[in-house]
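Quick notes on the structure that follows.
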Amino acid sequence: MFASMILSKFKHLPLSTRIPILLFLLGLAVFTSLHYLNCKVGGSNDPQSRQAVMDYQDKDYYLTLLNEREEQHKQYVTSLKKQISELKLELARRTEKINKGAQPVNDVVQVFDDHVNDNDDLNDYLQQQIDKAEVRHGFRVRNEYEIIPFNMFTPQRIYQLEMGLYRHPEEKPTRKDKKDELIEAVEYALELLNGQKVKESKQFTVNDFVEGLYRTERNTGTQYELFFRSGVSGRIHRMEIFRPFGPLLRVNSEVFETSKTTINIILPLAGRMEAFRIFMQNFREVGLKHDRRVFLTVVYFGQEHLQEVENTLESIARETGQRSYYKLIALNEEFSRGKGLEVGAKAWDKGNVLLFFCDVDIWFTMDFLDRCRYSTVAGKKVFYPILFSLYNPSIVYAQESRIPPLEQQLTVKKDTGFWRDFGFGMTCQYLSDFLNIGGFDLDIKGWGGEDVSLYRKYVSSNLIVIRVPVKGLFHLYHEKTCDVTLSEEQYRMCIQSKAVGEASHAQLGMLAFKEEVQAHKASRKH
């Protein structure tokens, strides 16, 4: 009670008075620490007293005690130094404002006290976050879908419902932020356990940690329940801690002028004429008729169907009156997606430009093109959208009289497709960033691998990678054939992609158990 009164009075002292007091306390702490250590080591001159002490506790005990005391005093001194530094910085900032005439001298102390009060308000806010979370008591929810389940972790593994890109129900914590978060939670719990007044035979360590639970409520914070073995047989300590979310803060505010931003769509191609016809139908309607800020670079491999591609491009140029909307580059060699994108990107000779690396099976909307523009910033951000991949329409619409037109199939639902979060081929990035990062690995031939290689370059750089599901970008279904000449790794990736792209789990299950379903229908008729 007395300490609280002193602290309250101290907060309202003028800044010029508080700094000398803290300096004095710092010196006193150092002196006390040295004196304490000297007394402990020097001790009494009475040989009998010394012998009694040594009989009671051995040399290791003293060394441990001295180390603990020294560490405590170091932390105390560090804390005082930090407070003094913060006060000096605050004083310097306020003095600078005064010198600029921004604030009267008499208001300095009051503003600083307001700053302290702001910290008190923040503490109150964080406490309210704990009260709002389902920590101290349960909340009534409408149904089972509103329950937020916990994830579990041990010193070696995390067991999770949201499996992410790895698709592992259990895994080692590989992401640095997740690993650091859990380690910090365990260390903080250990600090609390060892600091509380509970008689135990030993200090708690990381080796005593058994397992932990954690879950995050989006608007309040993350809750942890951590379990530790005790020195007493059959006793488990549960430590519950909470990491509250702070209030919203504005980081940045920008205005993007996209009306003059041209997107150069790079399309590598070899054959696939029916898919190319559908792609050009979408490009003409969205890109040329409505958006009108796009350019198309087609890099075609081989000679077969090359003339047909050129005729299609020329025909659209005549129909739309836009004669210079495209460039056709012919490469008489084996298809390589990375090579095609690299050549197409470097063929642009009108300065820096926004690139969209695309495939012939992609369908995009006006919304996506605008999102590509304002989600990509030269020298700062690259955009890696997660597109929605459509299932085989013959399976999706098997119970209907006919398959609906393509435009009606472009819906984001669990039975029509899935988010292709393992694909990194569609991306928006500026030409300057693409060149600076080193472009594609041209040693990769055929299907797959080149996009992952480029993506890894970006995630290892200082650029921000924007990775997000996008509703206006679709991968159209097509029957996939995996070339037997691919490398073992490429062939495995191709087969995996083929397997997940056919239909949903439930739809594939109905096909697998089709005979049982039909037998059940027949039995019901009888």
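The values are calculated or read from the model by the stated rules, or taken from the named source; none is laboratory data. Please read all numbers here as calculations on a predicted model, not as lab measurements. Ideal geometry is used to build each Cβ from the backbone, glycine not excepted, and the neighbour counts take in all protein chains shown. Just the protein is used for accessible areas: all its heavy atoms, side chains included, with ligands, DNA and RNA removed. Shrake-Rupley method; radii C 1.70, N 1.55, O 1.52, S 1.80 Å.
Limited to the range 207-236, what total is found for residues that are open to solvent by less than 30 Å² (accessible area, probe 1.4 Å) and of a type outside the set (Gly, Ala, Ser)?
Of the residues in the range 207-236, 11 are open to solvent by less than 30 Å² (accessible area, probe 1.4 Å) and of a type outside the set (Gly, Ala, Ser).
Output yes when any residue across the range 240-262 is over 31 Å from the mean Cα position of the chain (by Cα) and among the hydroxyl-bearing types (Ser, Thr, Tyr), and no when none is.
no
Against the definition (hydroxyl-bearing (Ser, Thr, Tyr), closer than 30 Å to PHE153 by Cα and within 38 Å of the chain's Cα centre (by Cα)), how does SER230 come out, yes or no?
Answer is yes for this residue.
Can you tell me which residues in the range 330-363 are in a strand (DSSP E or B) and either under 20 Å from ILE444 (Cα atoms) or open to solvent by 60 Å² or more (accessible area, probe 1.4 Å) (or both)?
ALA330, LEU331, SER336, PHE357
Suppose the filter is out of contact with any Cys (no Cβ under 7 Å at 6 or more places or on another chain), surrounded by fewer than 17 Cβ atoms within 10 Å (Cβ to Cβ) and among the β-branched types (Val, Ile, Thr); does THR297 pass it?
For THR297, the condition - out of contact with any Cys (no Cβ under 7 Å at 6 or more places or on another chain), surrounded by fewer than 17 Cβ atoms within 10 Å (Cβ to Cβ) and among the β-branched types (Val, Ile, Thr) - is not met.
Restricting to the range 278-313, name every residue that is within 17 Å of HIS475 (Cβ to Cβ), of a type in the set (A, V, I, L, M, F, W, C) and touching a residue at least 60 places away in the same chain (Cβ under 8 Å).
Result: ILE278, PHE279, VAL286.
Quickly run through the range 376-399 and pick out the residues that are assigned to a loop (DSSP other than H, G, I, E, B) and open to solvent by less than 40 Å² (accessible area, probe 1.4 Å).
If the condition is that a residue be assigned to a loop (DSSP other than H, G, I, E, B) and open to solvent by less than 40 Å² (accessible area, probe 1.4 Å), then THR376, TYR391, ASN392, TYR397 are the ones that fit.
Considering ARG373, ARG402, ARG420, which residue is more than 30 Å from GLN507 (Cβ to Cβ) and either modelled with pLDDT of 95 or more or open to solvent by 20 Å² or more (accessible area, probe 1.4 Å) (or both)?
Exactly one of ARG373, ARG402, ARG420 is more than 30 Å from GLN507 (Cβ to Cβ) and either modelled with pLDDT of 95 or more or open to solvent by 20 Å² or more (accessible area, probe 1.4 Å) (or both), namely ARG373.
Determine which single condition THR411 fails, assuming it passes every other condition in (1) over 26 Å from GLY439 (Cβ atoms); (2) touching a helix residue (DSSP H, G or I) at 6+ places or on another chain (Cβ under 6 Å); (3) of a type in the set (Ser, Thr, Tyr).
Condition (2) is where THR411 drops out.
Among residues belonging to the range 123-167 that are modelled with pLDDT under 80 and of a type in the set (Phe, Trp, Tyr), point out the one that is least open to solvent (accessible area, probe 1.4 Å).
PHE139
What do you reckon, is GLY423 within 25 Å of ASN282 (Cβ to Cβ), not in a strand (DSSP E or B) and not aromatic (Phe, Trp, Tyr)?
yes
Checking GLN409 against (1) surrounded by 13 or more Cβ atoms within 10 Å (Cβ to Cβ); (2) in contact (Cβ under 8 Å) with a residue 40 or more places away in the chain, which single condition isn't satisfied?
Exception for GLN409: condition (2).
Which residues, taken from the range 237-277, are part of a loop (DSSP other than H, G, I, E, B), of a type outside the set (Gly, Ala, Ser), in contact (Cβ under 8 Å) with a residue 12 or more places away in the chain and surrounded by fewer than 13 Cβ atoms within 10 Å (Cβ to Cβ)?
Correct list: PRO247, PHE256, LYS260.
Write out, first by first residue and then by second, each pair whose Cβ atoms fall under 8 Å of each other, whose residues are 6+ apart or on separate chains, and whose first residue, in the range 336-347, is closer than 16 Å to ASN436 by Cα while the second is open to solvent by less than 10 Å² (accessible area, probe 1.4 Å) and assigned to a helix (DSSP H, G or I).
So the pair list comes out as LEU341/GLU450; ALA345/PHE434.
Being free of Cβ contacts under 8 Å to residues at least 24 places away in the same chain, open to solvent by 40 Å² or more (accessible area, probe 1.4 Å), of a type in the set (Gly, Ala, Ser) and in contact with a Lys or Arg (Cβ under 7 Å, 6 or more places away or on another chain), is that true of even one residue in the range 438-458?
Yes.
On the given criteria, is VAL232 assigned to a loop (DSSP other than H, G, I, E, B), in contact (Cβ under 8 Å) with a residue 12 or more places away in the chain and of a type outside the set (Ser, Thr, Tyr)?
Spelling it out, VAL232 is indeed assigned to a loop (DSSP other than H, G, I, E, B), in contact (Cβ under 8 Å) with a residue 12 or more places away in the chain and of a type outside the set (Ser, Thr, Tyr).
For the range 302-329, name all the residues that are of a type in the set (Phe, Trp, Tyr) and open to solvent by 20 Å² or more (accessible area, probe 1.4 Å).
Listed by number, the list holds a single entry, TYR326.
Any residue in the range 125-137 that's farther than 15 Å from ILE241 by Cβ and basic (Lys, Arg): show its pairings with residues that are modelled with pLDDT of 80 or more and outside any helix (DSSP H, G or I) at Cβ separation under 7 Å, as long as the two are six or more apart or on different chains.
Close Cβ pairs satisfying both conditions: LYS132/THR220.
Please work out if GLU285 is in a helix (DSSP H, G or I), open to solvent by 30 Å² or more (accessible area, probe 1.4 Å), under 30 Å from GLU257 (Cβ atoms) and not β-branched (Val, Ile, Thr).
So GLU285 fits the description; yes.
Counting only residues that are within 30 Å of ARG373 (Cα to Cα) and hydroxyl-bearing (Ser, Thr, Tyr), which one in the range 472-526 is surrounded by the most Cβ atoms within 10 Å (Cβ to Cβ)?
That would be TYR477.
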